[in-house]
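Data block below; observations after.
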Amino acid sequence: MKEVWTRFYKEYYEQKFALKYKLFRRLPSRVIDFNIQLETNNPIAYESPDHLNPYGTARDNSTNKKFVEYMTDLIKSEYPHNYLGALDLGCSGGQLVKDFKDLGWMAVGLEGSDFSLKHKRANWAQLANTNLFTCDITKPFQITSHKSPAKFNLITMWEVLEHIHTNDLPQLFKNITAHMAYGGYFVASTTSTPDIHNGVDLHQTKWIKEQWVHWLACNFPQFKLVEFKLKSYQYVRHNIENSILTFKKT
């Protein structure tokens with residue numbers, strides 16, 4: 001019954017999203033060329049188990065229109081006169097990036113594996129190297145817009161953090177901090193369980209929510225916990241652990 005309700009709920013917001021923003025998407029004056037570029041010496045996460053043994057990166061294309069609508073309304077209320085930026089790390093098929101792009105956001109997705117790029121899967125056929133890029137997010141990189149450093153009001157990671165080796169977390173969050181606008185939000189879902197495929201555990205940092213909160217408080221205190229008026233099923237990804245990290249950069 002819960003699965004049926006979840007499918008119905010998502011379909012409802014799919015239709016609501018399409019109706020509410022139909023006019024917005026059709027207005028040429030609202031379509032902006034942000035001229036997005038990625039600068040990196042590490043375009044592929046060659047050592048990542050997810051690249052060596054692609055599973056989620058070859059299948060997932062997650063989004064949730066309720067989350068997109070909620071974050072759009074929230075951040076626009078805080079920055080009514082600014083263009084908004086959304087960055088999805090570990091973007092897989094890129095549907096969340098496309099949804100934010102359709103609302104006029106400077107939307108960018110970075111994916112460590114080139115599987116979807118090579119196979120032109122999901123949104124990569126249309127958005128590759130304009131909004132979707134391959135990149136090892138555990139190494140330094142710079143996103144630019146019109147050759148200036150890009151800043152994002154929202155940075156997301158959906159069941160990606162646990163795929164990052166613990167030793168690589170400091171550089172990952174340096175990248176996140178450098179690309180986040182003041183007052184921007186970081187939202188992520190995590191799990192502490194293994195994810196084994198072909199004998200390989202794709203999860204390298206299996207922490208519970210409290211461990212993530214503690215690590216961030218110790219290492220990146222500029223991130224402060226915030227609460228959203230969202231249920232767990234209204235986020236892009238969630239699981240039985242209900243581990244959703246919601247932070248604001250101060």
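No value in this document is a laboratory result; all are computed from the given coordinates. Quick caveat, the model's predicted, so the values are computed rather than measured. Here Cβ is always computed from backbone atoms with ideal geometry, including for glycine, and neighbour counts include all displayed protein chains.
Listed here are the pairs LYS139/LYS224; LYS101/LYS231; LYS101/LYS151; LYS151/LYS229; which of them are more than 22 Å apart at the Cα?
Result: LYS139/LYS224; LYS101/LYS231; LYS151/LYS229 exceed 22 Å.
Can you run the Rg to Rh ratio on the chain? Use alpha carbon positions and the Kirkwood inverse-distance Rh.
My calculation of the ratio gives 0.93.
In order along segment 196-213, the Karplus-derived 3J(HN,Hα) couplings, from 6.51 cos²θ - 1.76 cosθ + 1.60 at θ = phi - 60°, round to 9, 9, 6, x, 10, 7, 6, 8, 10, 10, 9, 9, 7, 4, 4, 5, 5, 4 Hz, and Gly and Pro are given as x. Looking at VAL226, ILE176, PHE100, which one has the Cα that reaches farthest to the positive end of the dipole of the chain (charges on Cβ: Lys, Arg +1; Asp, Glu -1)? Among VAL226, ILE176, PHE100, the one farthest towards the positive end of the dipole of the chain is PHE100. With θ taken as phi - 60° and the Karplus curve 6.51 cos²θ - 1.76 cosθ + 1.60 applied, the whole-hertz 3J(HN,Hα) list for segment 245-250 is 9, 10, 10, 10, 7, 10 Hz, x standing for glycine and proline.
For LEU245, the residues 5 or more places off, or on other chains, whose built amide H falls under 5 Å of its own are ALA188, SER189, THR190. For the chain, DSSP calls about 50 percent of its internal beta bridges antiparallel. Highest-first packing order for the peptide set 74-81, 61-68 is 61-68, 74-81, based on the mean count of other beta carbon atoms within 10 Å. Computed from backbone phi with θ = phi - 60° and the Karplus coefficients 6.51, -1.76 and 1.60, the 3J(HN,Hα) list for segment 37-53 is 9, 10, 10, 7, 9, 9, x, 10, 8, 4, 8, 6, x, 6, 7, 6, 9 Hz; x is used for glycine and proline. As a rough guide to protection, the peptides 220-232, 175-187 ranked by mean Cβ packing within 10 Å, highest first, stand as 175-187, 220-232.
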